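Some notes on the structure that comes next.
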Amino acid sequence: MENRVEKVAVADGSFDLHLWVPESGHGPAVLLVQEIYGVGPYIRAVAEELAGLGYVVGAPDLFWRIQPGWVADHSEAGTTESLRVGARFDVPQGVADAA
């Protein structure tokens, strides 16, 4: 399976789209929305599993305006910090980015 990062341009900048492509090189697409911990180990594991099933998976860095590349541990400290970062997330803007 192929894994790469593409840049997505929007009106006010650009962000990373993590992309997983199955061995076949094609398949139905899934937009995998990050959790508050970012595009971290859990999201990457889910994306790899889906790509292994034949899906093309894209996981955008939706916190790019707040803290590009945000990744936090699934721990008490990581959750606290992720909630702080997530509280600054503009949902309508994030939906527009995902679209």
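Can you tell me which residue is most open to solvent (accessible area, probe 1.4 Å) among those in segment 21-42 that are under 21 Å from Gln93 (Cα atoms), of a type in the set (A, V, I, L, M, F, W, C) and not in a loop (DSSP other than H, G, I, E, B)?
Leu31
Out of segment 49-65, which residues are closer than 16 Å to Glu35 by Cβ and exposed (fewer than 15 other Cβ atoms within 10 Å of the Cβ)?
Within segment 49-65, the first condition is being closer than 16 Å to Glu35 by Cβ, and the residues that meet it are 49-50, 57-64.
Once the filter is applied, which keeps residues that are closer than 16 Å to Glu35 by Cβ and exposed (fewer than 15 other Cβ atoms within 10 Å of the Cβ), segment 49-65 yields only Glu49.
Run down Val30, Val57, Val8, Val85 and say which single residue is over 19 Å from Ala99 (Cα atoms), at pLDDT 95 or above and of a type in the set (A, V, I, L, M, F, W, C). Lay out the reasoning, then the answer.
Numbers: Val30 fails: over 19 Å from Ala99 (Cα atoms); Val57 fails: over 19 Å from Ala99 (Cα atoms); Val8 fails: over 19 Å from Ala99 (Cα atoms).
It is Val85.
Is there a residue in segment 61-70 that is at pLDDT 95 or above and assigned to a strand (DSSP E or B)?
Just the residues of segment 61-70 that are at pLDDT 95 or above, to begin with: 61-70.
Filter once more, keeping what is assigned to a strand (DSSP E or B): none.
No, that holds for no residue.
The values are calculated or read from the model by the stated rules, or taken from the named source; none is laboratory data. The model shown is predicted, which means the values in this text are computed figures rather than measured ones. When we count neighbours, we look across all protein chains shown, and the Cβ atoms used for this are built from the backbone with ideal geometry, even at glycine. Calculation scope for accessible area: heavy atoms of the full protein, side chains included, ligands and nucleic acids excluded. Shrake-Rupley method; radii C 1.70, N 1.55, O 1.52, S 1.80 Å.
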